[in-house]
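Where a number appears in this text, it was derived from the coordinates with a stated rule and is not lab data. Keep in mind that this is a model prediction, so the values were computed, not measured. All Cβ positions, glycine included, derive from the backbone under ideal geometry; neighbour counts span all protein chains shown.
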Amino acid sequence: MIEKSLNIENNIDIFMEIIKGFPSTMMDDYQMNVTQILVHAGRWYGEQEIVSRRSDGTIFRYNYAEALKRVKRMASSLKSLGIKVGDRVGVLEWNTHRFYELYFSIPAIGAVMVELNPRLHPLQLAKIINHSNINVLILNENFISLIESILNNIKVRKYIIITDSNQLPSTKLERIYNYEDLLNKGDVEYNIPMFDERTACYAAYTTGTTGDPKGIYYSHRSIVLNTLVISRNLTVDDTFMQLVPMFHVNGWLGFMAATLVGAKLVFPGRYTINDPEPLVSLLINEKVTVTAGVPEIFSAILNYLMKMDKKPIFTNTRILIGGSEPPLSLVIGLMGFGFQVGQGYGATETTPSVAGSVLKPKVKEKYTDKELVDLLRKQGIPTFGVDIKVVDPITGNEVPHDGKTVGEIWVRGFWVASSYYNDPRTVESFVGDGVERWWKTGDLAVVDELGYIKIVDRIKDVIKSGGEWISTIDLENYLMTHPAVSEATVIGVPHPKWGERPLAFVILRPEFEGKVNKEDLLKHLGQRFAKWQLPDDIIFVKEIPKTSVGKFDKKVLREKYRDYFSKTK
């Protein structure tokens, strides 16, 4: 009987059939709209502070009530420019209070805000602008030269420039407006309509590491539902700093969840991984309690903290790391400064939330402290709102939860995409129809007996050598536990005898340059991996290419080194 119950629980397919039962007496037609989140905060947490760092390093402060007024004014002005329901409005901006306002003012007129990534190649950016049919572009003045370089490739009708100056900068762009001037002319009494919750409010594009970016159009419903789930981890007493670029997967919706609960918000403006000082200053001065980002930015913050004479302690600060699995050395290092560290897993196609760190009571009973720290690096337990199954990529059958059998993660749920916008690649990435539709993530993972998911590689990144699989992620993470290693990545390179062999790329910390060699690192890896799993070579480099969102760009490395072993063997 118990076995049968477990089988029923694990059989996700029991939810396939939709049955219409006795009608409820609830306001089921009351639509979920993203603008309601700020309206709520403005009315009931109006005095709560929003902090935004300007380009010159000075701090702008206002509150939710004032933000709501500005959003209404901007929505009114955008409508007066002729932007209609369903139009697409592109945004190129840093993590500022103005980008935050646009997350509400554009949907407030029924238009779709397209999040544009300024780190993409200009021609790739032009493809996105044309593919999404953007006719109005709102951009920070820092990006004027970028847009001017593709002016002949796009058909944007109007431009709104974000600047702290009263004067518009000189530009080749025509039909331009000043953001603040437009806002000041708007109607503060603008009445925000209610839209069908299935209407698209935002659009984001994948970073194009395996081809042209693919577009995802998010509904009001998907954003609100995902925000509600994320907000469980925040309270009105928190101060949230928005580290994740707001042009990347809705900024992971951290700022949206903070707004929902009325927490204090901090926007760091423009920052770089090479200069984390402004971020550390904001963490300390604004007493940040929650933030999120990719491992690379926290690695930069950790390195900066380690060099400080007077080292701060952040016992009240919680960190969520996503994008890729953080090295154990990074987790331990951050915890040494008092940070509470967890990991989240998601994607552009999932709005972003899929799974996250959860310490079950059974885990606490049987794991040592060291094992618990390592557990935090797993992708964790699926969040409510998404269904996950890990399947054999060939048969489509779910693999056993034994912590060993590898399969591909398939996802569906309240905020999971069912297709790409106007893109034939939908066919290869999605399977099934209706509520039976799944997105095939391309992530290879195992699930242990307690339900914890651990990604072992991407399908395109896993190395098959002599018929055996080798995980590049495991090799990378263990390489980065060596005290001399700052960054490391591993790719599979064609090999005349074995099909593929691992090739590693390592950046040494400055103090270890010339003191640590390839043999030292292979010996280190030999403590964890069999000899046949070790990289055939380790190349020491000053820089590893990265994608526009800070992930290692293995596509570039694979292309550059595709003949490496055929030349050396």
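Here are some notes:
- Fewest-first ranking of THR481, THR96, THR315, using other Cβ atoms within 10 Å as the exposure measure: THR315, THR481, THR96
- Ordering 82-89, 243-250 by mean Cβ neighbour count within 10 Å, with the highest value first, yields 243-250, 82-89.
- Among the listed pairs LYS362/LYS546; LYS464/LYS551; LYS366/LYS523; LYS515/LYS555; LYS307/LYS366, those whose Cα-Cα separation exceeds 27 Å are LYS362/LYS546; LYS366/LYS523; LYS515/LYS555; LYS307/LYS366.
- Along the axis of the charge dipole computed for the chain (Cβ charges of +1 for Lys and Arg, -1 for Asp and Glu, origin at the Cα centre), the listed residues TRP532, SER329, PRO213 are led at the positive end by PRO213.
- For LYS158, the aspartates and glutamates whose Cα comes closer than 14 Å to its Cα, not counting residues fewer than 8 places off in the same chain, are ASP87, GLU148, GLU174.
- Degrees, to the nearest 10: 35-44 long Cα axis against longest axis of the chain: 70
- Convex hull volume of the Cα atoms of the stretch 447-569, normalised per residue: 134 Å³.
- Nearby aspartates and glutamates by direct alpha-carbon distance to LYS287 (threshold 12 angstrom, same-chain neighbours under 8 apart not counted): ASP237, ASP238
- Local electrostatic count at ASP212 - Lys and Arg +1, Asp and Glu -1, tallied over other residues with Cβ under 10 Å: +2
- Helix 220-230 vs. the chain, principal-axis angle (Cα, 0 to 90°, nearest 10): 60
- Helical content alone sets the calculated 222 nm signal of the chain at -8000 deg cm²/dmol, taking -39,500 (n - 2.57) per DSSP H segment of four or more residues and averaging over every residue.
- For the chain, Kirkwood radius (reciprocal of mean inverse C-alpha pair distance, Å): 25.2
- Relative contact order for the chain, counting Cα pairs under 8 Å that sit 6 or more residues apart, in percent: 10
- Peptides ranked, highest mean first, by Cβ atoms within 10 Å: ranges 257-270, 546-559: 257-270, 546-559
- Only aspartates and glutamates eight or more places from LYS554 in sequence, or on another chain, were considered; those with a Cα closer than 12 Å are ASP461.
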